[in-house]
Structures are given as structure tokens and as C-alpha cells.
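Worksheet: one structure, shown below.
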Amino acid sequence: MPPVATLPPGVMSLHVLPAEHHDRDWDAIIVPAGVKERLLAQALLQLRHGRRLSTLAGLPHGLIVLAGPPGTGKTTLARGLAQVAALALAKEGATTLVEINPHAFPSDMLGESQRNVTRLLTETVPEIAARRPFTVVLIDEVESFAVRRSTASFEANPVDVHRATDAVLLGIDEVAKNMPSVLFVTTTNFIEAVDEAFLSRADLVMRFALPDRDAIEQILASSLGELAAQS
């Protein structure tokens, strides 16, 4: 039996897209008209034209933030976005989807969180991105990765947490400058807890609410349709 490949620290999973098992994610989430089109347009702008855009002043950072309460489908939509973008880009090469676990980085050792984040963004992500033409990096619960420094208490949050957020910002800047075919898609349940400087780097911030009555009816109709097709 071949040995199981070990993922780099902080990386939960790696997928090569497009892949059939990611096909249903995009259609599974019901959102207001135009939301998916805008998300896909922004993703393709970065992935397909990032190298040209990186030569302009005020370069895009290749960063999308999806914000809203739990249960709004942000993570599923993010995975679906990676898949439909990969399908659109398939003739130009494959896409790597990298899922990051932000909770893997905080450490009780002074300076260790900062080093872990720096290693992820300056070594791990570039190394993975070099393997294929396009890369999507998914970071869930980004509020634990880029803590809002203006409201974080130095007594409740060690200096290391502040330094780690600094490292996130520097790392995002470096990836944007040196590897413009990388797209970060992040989710947060508490956008007020995300650092302001991180949000200011986002090319697109989309806020989601819990589904209204019309959306719930569409979700139920879709679910019943799937059950009927399986019976």
C-alpha cells in the first residue's frame, strides 16, 4: 500500500480542478440574481489577467471575502467558484484548490504564529502555485487568521497575534506582486472581527444573509427534485 502524502502545515486539502466531485457545489447554493455572475467574473479577471493587472498602479490583491452568518453556504459557494472558474480556464491548464486551516497557526510560543503564517504565504502557497497555471486558496473563518488589530486587546491577545496579522498582510501583498495567478477566497461569520487593512485589500467583499422565503422555496424545490430523480 503506497504511503499517504503528507500535506504542508496548515493545509487541510489539495484538489486538482476541474473535478466531477465538485460539480454540485455551485448549483447547490441559492443566492440573489447576479451574485454568482459577479463572483465568477472577479475570479476569472484575477486568474486569467492577473499578470497584466499586476503591472498597473494599485494592483488587485486577488482577494475575495464572503461574509455572513453561519448557514448561508459561503464555503460551499467558494468551492463551487473554484470549480466553475477551473472549467472556464480548462483549455489554458488545470487549477489547484488549496484549503487552509486558519486555526493551525496560533501558537503559545512568542513569534511562532508569525513564523507559521509567513512560511505559509511566502513558501507553501508559492510552491503549490508553481505546479499549475492557476491556484485558488480557500481560507474559512478568516477572522481567526487576520484578527482586527484595532479592537484586539494586548492583554487578551498576545503581541504574537498582532504580529501574525501583520504577516498575513505582508504575505498577501507578496503573493499579489509575485504570483498574480493566485486567488484567495476567504469566508467569515464575523466581518467586524476581520482586520480593516485585510478588508481594504479585498477586490470584492460580498455579504450574505440567511435565505428569505423565496430562496427557501427554491431550496426546497431543488431538494425535492433531487430526491425525485434518485427514486
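Tell me, which residue of region 86-98 that is touching a residue at least 60 places away in the same chain (Cβ under 8 Å) and out of contact with any strand residue (DSSP E or B) (no Cβ under 6 Å at 6 or more places or on another chain) is least open to solvent (accessible area, probe 1.4 Å)?
Here is the first cut: in region 86-98, the residues touching a residue at least 60 places away in the same chain (Cβ under 8 Å) are 86-87, 90, 94-98.
Still in the list and also out of contact with any strand residue (DSSP E or B) (no Cβ under 6 Å at 6 or more places or on another chain): 87, 90.
Details: LEU87: 92, ALA90: 50 Å².
Once the filter is applied, the top-ranked residue is ALA90.
So THR76 fits all but one of (1) open to solvent by 90 Å² or more (accessible area, probe 1.4 Å); (2) more than 24 Å from ALA130 (Cα to Cα); (3) modelled with pLDDT of 90 or more; what number is the exception?
Condition (1) is where THR76 drops out.
Being touching a residue at least 24 places away in the same chain (Cβ under 8 Å), out of contact with any helix residue (DSSP H, G or I) (no Cβ under 8 Å at 6 or more places or on another chain) and open to solvent by 10 Å² or more (accessible area, probe 1.4 Å), is that true of even one residue in region 155-169? Break it down stepwise before answering.
Going residue by residue through region 155-169, those that are touching a residue at least 24 places away in the same chain (Cβ under 8 Å) are 158-161, 163-169.
Remaining after also requiring out of contact with any helix residue (DSSP H, G or I) (no Cβ under 8 Å at 6 or more places or on another chain): 158-159.
If we keep only those that are open to solvent by 10 Å² or more (accessible area, probe 1.4 Å) too, we end up with 158-159.
Looking through region 155-169, at least one residue is touching a residue at least 24 places away in the same chain (Cβ under 8 Å), out of contact with any helix residue (DSSP H, G or I) (no Cβ under 8 Å at 6 or more places or on another chain) and open to solvent by 10 Å² or more (accessible area, probe 1.4 Å).
Is it the case, given these coordinates, that HIS103 is closer than 26 Å to VAL161 by Cα, in contact (Cβ under 8 Å) with a residue 24 or more places away in the chain, in contact with a helix residue (DSSP H, G or I) (Cβ under 7 Å, 6 or more places away or on another chain) and surrounded by fewer than 20 Cβ atoms within 10 Å (Cβ to Cβ)?
Spelling it out, HIS103 is indeed closer than 26 Å to VAL161 by Cα, in contact (Cβ under 8 Å) with a residue 24 or more places away in the chain, in contact with a helix residue (DSSP H, G or I) (Cβ under 7 Å, 6 or more places away or on another chain) and surrounded by fewer than 20 Cβ atoms within 10 Å (Cβ to Cβ).
For region 30-48, check the following and say yes or no: at least one residue is of a type in the set (Asp, Glu), under 30 Å from ALA104 (Cβ atoms) and either out of contact with any His (no Cβ under 8 Å at 6 or more places or on another chain) or surrounded by 17 or more Cβ atoms within 10 Å (Cβ to Cβ) (or both).
Within region 30-48 (the criterion being of a type in the set (Asp, Glu), under 30 Å from ALA104 (Cβ atoms) and either out of contact with any His (no Cβ under 8 Å at 6 or more places or on another chain) or surrounded by 17 or more Cβ atoms within 10 Å (Cβ to Cβ) (or both)), the answer is no, since none of the residues qualifies.
The values are calculated or read from the model by the stated rules, or taken from the named source; none is laboratory data. All of these numbers come straight from a predicted model, not from anything done at the bench. Cβ sites come from the backbone with ideal geometry, for glycine too, and all protein chains shown count toward neighbours. Note: areas computed on protein heavy atoms with side chains; ligands, DNA, RNA excluded. Shrake-Rupley method; radii C 1.70, N 1.55, O 1.52, S 1.80 Å.
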